[in-house]
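*Asks:* Got a structure here, written out as structure tokens. Questions coming.
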Amino acid sequence: MPKRVLFVCLGNICRSPTAHGVFQQRVDGAGLSEAVLVDSAGTAGWHCGRAPDPRSQAFAAAHGYDLSALRARQVAAEDFRQFDYILAMDRANLSDLQALRPVDSRAELALFLDYADGACDEVPDPYYGGDDGFVTVLRLVEAAADGLLTAIRRTL
Ligand code: 4NP
């Protein structure tokens, strides 16, 4: 059975699509595309059906990640039965997910940055800020993606 990973932020147009694109590239590069399935979602449904924020797409593209095919969706209780890992970008996302979590959830629910070595445990929301925020998102996401892939490989 493949391992299933869901990245979750608030709007599913900035942080979680960046995590989705970066981690998908790590998975593909490791030859694990069939063994590890990746998706992303938002706790809010405001941007459902939309492509990632143009700023996220531009910064990701400059680092070799193509987010253009991704479309936003809202996280649902069913996700807790489908996914092995549900990884939140910040504590507010985590607490919203804990409130939604059904009793028969089989997902490991955690902060994504638990898989990185750095001092931060949240990926800050870049939506209302400047370009620096998008650079920070990429840097944090890349570090945690490597740690997550190492951890999942141990379970395969
Ligand atoms: P994300 O960023 O949670 O990283 O996708 C946001 C996107 C949109 C909004 C807030 C955060 N918004 O308020 O519409």
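The values are calculated or read from the model by the stated rules, or taken from the named source; none is laboratory data. Keep in mind that what you see is a predicted model, and the values were worked out from it rather than measured. A quick note on method: Cβ atoms are made from the backbone with ideal geometry, for glycine too, and the neighbour counts reach across all protein chains shown. For accessibility, only protein heavy atoms count, side chains too; no ligands or nucleic acids. Shrake-Rupley method; radii C 1.70, N 1.55, O 1.52, S 1.80 Å.
*Asks:* Search region 87-99 for residues that are open to solvent by 60 Å² or more (accessible area, probe 1.4 Å) and pair each with any residue that is at pLDDT 95 or above when their beta-carbon atoms are under 7 Å apart and the residues are at least 6 apart or on different chains.
*Replies:* Close Cβ pairs satisfying both conditions: Arg91/Glu122; Asp96/Thr43; Gln98/Leu109.
*Asks:* Restricting attention to region 51-67, which residues are out of contact with any helix residue (DSSP H, G or I) (no Cβ under 6 Å at 6 or more places or on another chain) and within 16 Å of the ligand (Cβ to nearest atom)?
*Replies:* Residues satisfying the conditions are Ala51, Asp53, Pro54, Gln57, Ala58.
*Asks:* When you scan region 106-134, how many residues do you find that are open to solvent by 70 Å² or more (accessible area, probe 1.4 Å), of a type in the set (A, V, I, L, M) and modelled with pLDDT of 95 or more?
*Replies:* Residues that pass the stated criteria total 0.
*Asks:* Hey, can you tell me all the residues within region 16-34 that are within 16 Å of the ligand (Cβ to nearest atom) and open to solvent by 10 Å² or more (accessible area, probe 1.4 Å)? Step through it out loud before you land on a result.
*Replies:* The initial filter retains those residues of region 16-34 that are within 16 Å of the ligand (Cβ to nearest atom), namely 16-23.
Answer for region 16-34, where residues must be within 16 Å of the ligand (Cβ to nearest atom) and open to solvent by 10 Å² or more (accessible area, probe 1.4 Å): His20, Gly21.
*Asks:* Here's a follow-up. Checking Ile13 against (1) in a helix (DSSP H, G or I); (2) open to solvent by less than 40 Å² (accessible area, probe 1.4 Å); (3) aliphatic (A, V, I, L, M), which single condition isn't satisfied?
*Replies:* (1)
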